[in-house]
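The values are calculated or read from the model by the stated rules, or taken from the named source; none is laboratory data. Bear in mind the structure is a predicted one, so any value in this text is a computation, not a measurement. Cβ sites come from the backbone with ideal geometry, for glycine too, and all protein chains shown count toward neighbours.
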């Protein structure tokens, strides 16, 4: 299991889903962590992985 490097929240439990788009790779999901950092996830079948992450909101 992976965790947010800023606050330790589990990546498997996104706090808020901001947007979802269907892509050729599966689905791209933009979500926010409890600390405010924005994460980009790629969902391809049963696997979900964080491919980009911002710093927490100021």
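Confirm whether residue 56 is buried (at least 16 other Cβ atoms within 10 Å of the Cβ) and outside any strand (DSSP E or B).
Considered against the rule, which asks whether it is buried (at least 16 other Cβ atoms within 10 Å of the Cβ) and outside any strand (DSSP E or B), residue 56 comes out as no.
Could you tell me whether region 19-29 includes any residue that is modelled with pLDDT under 95 and either surrounded by 15 or more Cβ atoms within 10 Å (Cβ to Cβ) or touching a helix residue (DSSP H, G or I) at 6+ places or on another chain (Cβ under 8 Å) (or both)?
Yes, the conditions are met somewhere in region 19-29.
If I ask for residues that are assigned to a loop (DSSP other than H, G, I, E, B), touching a strand residue (DSSP E or B) at 6+ places or on another chain (Cβ under 6 Å) and under 19 Å from residue 55 (Cβ atoms), which ones from region 4-41 would you list?
Within region 4-41, 11, 14, 15, 37 meet the criteria.
What is the one condition in (1) in contact with a strand residue (DSSP E or B) (Cβ under 7 Å, 6 or more places away or on another chain); (2) at pLDDT 90 or above; (3) part of a loop (DSSP other than H, G, I, E, B) that residue 1 does not satisfy?
Of (1) in contact with a strand residue (DSSP E or B) (Cβ under 7 Å, 6 or more places away or on another chain); (2) at pLDDT 90 or above; (3) part of a loop (DSSP other than H, G, I, E, B), only one is false for residue 1: (2).
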